[in-house]
Amino acid sequence: MILKYTNSFGQMKNKTQLTKVLLSFVGANDAGKLVGKPDGAILTVFKERKFDEVRLLWNTSNNKASDFLNNAEHVQQEIVKRRYCKVVKLHQFNCDDVTDHNEIYPKLLDLCRSLPTSKDRKYTAAISSGTPAMQACWILLAESGDYPLELIRSREPKYGKPYVSVVKLGTALPKIIRLQEEKEELLREKDALLPKLSMVLSNGIVQIGNTLIPFSPIEFSYYCYFAE
């Protein structure tokens, strides 16, 4: 959305408004009034936060006691009815094992990367709904830098304010940089172990480290071809 405003010189300027998008899995606790209980974790977020768009992720379940599509539709209807947000979309999250990080993480990353991206869109993930593995994958996603996310968690109003808290990374949680450090270390080791290659094209000279390679002209031509 582009807003127009007037600067101190009376000139009209365009100002881009940030579009705030909330992402969340839909859990059993989000059934709320459907099961005679208070609002779940997702609806509680709106006690302190406002969003322009909401994306609800639901998965099928073999547990007859939990109909996550029904829960998702309930949350969607409540958000719109209460005028918390006009745009609420549902996404089916196909996952065979909701306790398996190895299955959840790549599928969650693919889903996030399929969403519209631009510098004027900010994504926030509410991590209180879903299985512990799902919550952990949100944290891994944001902490690794694979997808830019703000993380928040909500708690039941009966426990008092604040209803919503930001999940701070890089303080209580260690930065996930081990793989990057290992990669950099391997590159340093490779550079140290591999001797330097020198080629003089005009004279057909190839030297690896301190060793001069006596190529014939035709061998040198083949070497250059395959090296390129």
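In summary, segment 28-71 shows an alpha-carbon radius of gyration equal to 1.27 times the 2.2 N^0.38 Å reference for compact globular proteins. For Lys168, a cut-off of 12 angstrom between C-alpha atoms picks up these aspartates and glutamates, skipping any fewer than 8 places away in its own chain: Glu143, Glu150. Pairwise alpha-carbon distances in segment 184-228 exceed 16 Å for 46% of all pairs. Simple spin-label estimate for Lys119 and Asn62 gives 4.9 nm between the two label positions (7 Å along the Cα-to-Cβ direction from each Cα).
Ignoring ligands, DNA and RNA, please state the percent of accessible area on segment 29-122 from carbon and sulfur, probe 1.4 Å.
Details: 2570 of 5620 Å².
Roughly 46 percent, rounded to a whole number.
Do any trypsin sites (Lys or Arg not before Pro) in segment 105-173 lie in a loop, going by DSSP, with at most 14 other beta-carbon atoms within 10 Å of their beta carbon, and if so which? Could you put the intermediate results ahead of the total?
Numbers: sites: Lys107, Arg113, Lys119, Arg121, Lys122, Arg153, Arg155, Lys158, Lys168; in loops: Lys119, Arg155, Lys168.
Loop-located and lightly packed - Lys119, Lys168.
By a 1.4 Å probe calculation restricted to protein chains, Ser221 has an accessible surface near 70 Å², given to the nearest 10.
For the pair Thr211 and Asp96, label points projected 7 Å from Cα toward Cβ lie 4.9 nm apart. Taking every protein chain into account, the 1.4 Å probe leaves Leu34 with about 90 Å² of accessible area, to the nearest ten. The figure for Leu140 is an accessible area of roughly 70 square angstrom, using a 1.4 Å probe on the protein chains alone.
The values are calculated or read from the model by the stated rules, or taken from the named source; none is laboratory data. Small disclaimer: the values here were computed from a predicted structure and weren't measured. Heads up, the Cβs are rebuilt from the backbone with ideal geometry, glycines too, and the neighbour counts pull from every protein chain shown. Please note that ligands, DNA and RNA were not included when accessible areas were found on the heavy atoms of the full protein model with its side chains. Shrake-Rupley method; radii C 1.70, N 1.55, O 1.52, S 1.80 Å.
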